1. The conditions are (1) surrounded by 17 or more Cβ atoms within 10 Å (Cβ to Cβ); (2) within 20 Å of A81 (Cα to Cα), and S149 fails exactly one of them. Which is it?
2. Condition check: of a type in the set (A, V, I, L, M, F, W, C), away from the ligand (no atom under 16 Å from the Cβ) and free of Cβ contacts under 8 Å to residues at least 40 places away in the same chain. Does V245 satisfy that?
3. Quick one: is L137 surrounded by 24 or more Cβ atoms within 10 Å (Cβ to Cβ), of a type in the set (A, V, I, L, M, F, W, C) and more than 22 Å from R70 (Cβ to Cβ)?
4. Kindly check whether there is at least one residue in segment 109-117 that is within 15 Å of the ligand (Cβ to nearest atom), in contact with a Ser or Thr (Cβ under 6 Å, 6 or more places away or on another chain), part of a strand (DSSP E or B) and not β-branched (V, I, T).
5. When you go through (1) over 24 Å from A228 (Cβ atoms); (2) part of a loop (DSSP other than H, G, I, E, B) one by one for F73, which number turns out not to apply?
6. Those residues that are closer than 23 Å to G69 by Cβ, touching a helix residue (DSSP H, G or I) at 6+ places or on another chain (Cβ under 8 Å) and either surrounded by fewer than 17 Cβ atoms within 10 Å (Cβ to Cβ) or of a type outside the set (A, V, I, L, M) (or both), I need them from segment 194-247; list them, please.
7. Looking at G110, G99, G88, G69, can you tell me which residue is under 21 Å from the mean Cα position of the chain (by Cα) and closer than 27 Å to L240 by Cβ?
8. Looking only at residues that are charged (D, E, K, R) and farther than 24 Å from K226 by Cβ in segment 135-180, which one is farthest from the chain's Cα centre (by Cα)?
Amino acid sequence: MSHSRRKRLLAYSLVGPCLVFASCQAPQTASSTVGTVAAEVSARPGINDEFLKPSLNLTQWVERFEREGREIFTEREKIAAAAKVQSGMAVADVGAGTGLFIPLLSQAAGPKGKVYAVDIAKDFLAHIDQRAAAAGLNNVKTVLCTERSVELPPNSIDLAFICDTYHHFEYPRSTMASLHRALRPGGAVVLVEFKRIQGKSSDWVMDHVRAGQEVFTAEIEAAGFKQAEQIDFLKDNYILRFKKVKL
Ligand SMILES: C[S@@+](CC[C@H](N)C(=O)[O-])C[C@H]1O[C@@H](n2cnc3c(N)ncnc32)[C@H](O)[C@@H]1O
């Protein structure tokens, strides 16, 4: 065997298996990151523990979320109107909780529209199913999602409504990436969040909500959205509308 042929064979015996290994590994790595952002760590470990208890005390949560004095509840009609849901739209209420907004979104989307009540807590979803059936809200569908993905098909919704929930996302980059895929071109995200201002907000808000408006806006824009509107009529909360843009 010539010297140059021996060199080529030696090179193949060293590099060949690496190429085979690489070609076997690449698709696996790619598919394992679909739907998630690789290596994202929890932004707030344990924040949802109380919602994920084996038996949720629904009465307690209905009383907590649907009481006068909670600005989100008192102003729910104006907040829902600010989301500008049009008849025929497919809307996801991400972090739907006890379903406070479901009747309002359902009415706005109308019989040709669809409202997905999306949550990680199955007991909340069972409650929403009962509530929607009792009220004859035929365009409502509950979706059990995960802490990293909204579990909606690609290009399936026109609007995502996220109220008092973004700060509960343990994996906001993964969740927002899944939402970006679920939104149709031109789709929008409406964010309702606590104002978190040092020296003004309560100690509870400062402790419970991990960041303020600037940080959340930067995170959402980094996920492929552009702020399009700020709607100011609330005292304790702000409302922002983002448009989906290409990543
Ligand atoms: C404070 S509650 C707000 C409920 C409702 N939006 C309201 O304003 O009355 C937060 C909700 O977000 C849900 N949640 C937390 N992380 C979530 C995630 N990654 N995806 C979807 N829902 C989530 C919780 O289970 C809970 O129902």
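A short reminder: the numbers here are calculations on the coordinates, not readings from a lab. No experiment lies behind these values; they were computed from the predicted model shown. Backbone-built Cβ (ideal geometry, glycine too); neighbour counts: all protein chains shown.
1. Status for S149: all satisfied but (2).
2. On the way: of a type in the set (A, V, I, L, M, F, W, C): yes; away from the ligand (no atom under 16 Å from the Cβ): yes; free of Cβ contacts under 8 Å to residues at least 40 places away in the same chain: yes.
When the stated conditions are applied, V245 passes them.
3. Numbers: surrounded by 24 or more Cβ atoms within 10 Å (Cβ to Cβ): no; of a type in the set (A, V, I, L, M, F, W, C): yes; more than 22 Å from R70 (Cβ to Cβ): yes.
For L137, the condition - surrounded by 24 or more Cβ atoms within 10 Å (Cβ to Cβ), of a type in the set (A, V, I, L, M, F, W, C) and more than 22 Å from R70 (Cβ to Cβ) - is not met.
4. Within segment 109-117, the subset within 15 Å of the ligand (Cβ to nearest atom) is 115-117.
Then keep just the ones that are in contact with a Ser or Thr (Cβ under 6 Å, 6 or more places away or on another chain); that gives 115, 117.
Keeping just the survivors that are part of a strand (DSSP E or B) gives 115, 117.
So of that shortlist, the ones also not β-branched (V, I, T) come out as 117.
For segment 109-117, residues within 15 Å of the ligand (Cβ to nearest atom), in contact with a Ser or Thr (Cβ under 6 Å, 6 or more places away or on another chain), part of a strand (DSSP E or B) and not β-branched (V, I, T): present.
5. Result: F73 fails condition (2) only.
6. F194, K195, R196, H208, F233, K235, D236, N237, Y238
7. Values: G110 fails: under 21 Å from the mean Cα position of the chain (by Cα); G88 fails: under 21 Å from the mean Cα position of the chain (by Cα); G69 fails: under 21 Å from the mean Cα position of the chain (by Cα).
Only one candidate qualifies: G99.
8. Quick first cut of segment 135-180, residues charged (D, E, K, R) only: 141, 147-148, 151, 158, 164, 170, 173.
Narrowing further to those that are farther than 24 Å from K226 by Cβ: 141, 147, 151, 170.
Numbers: K141: 16, E147: 9, E151: 9, E170: 10 Å.
Here the residue is K141.
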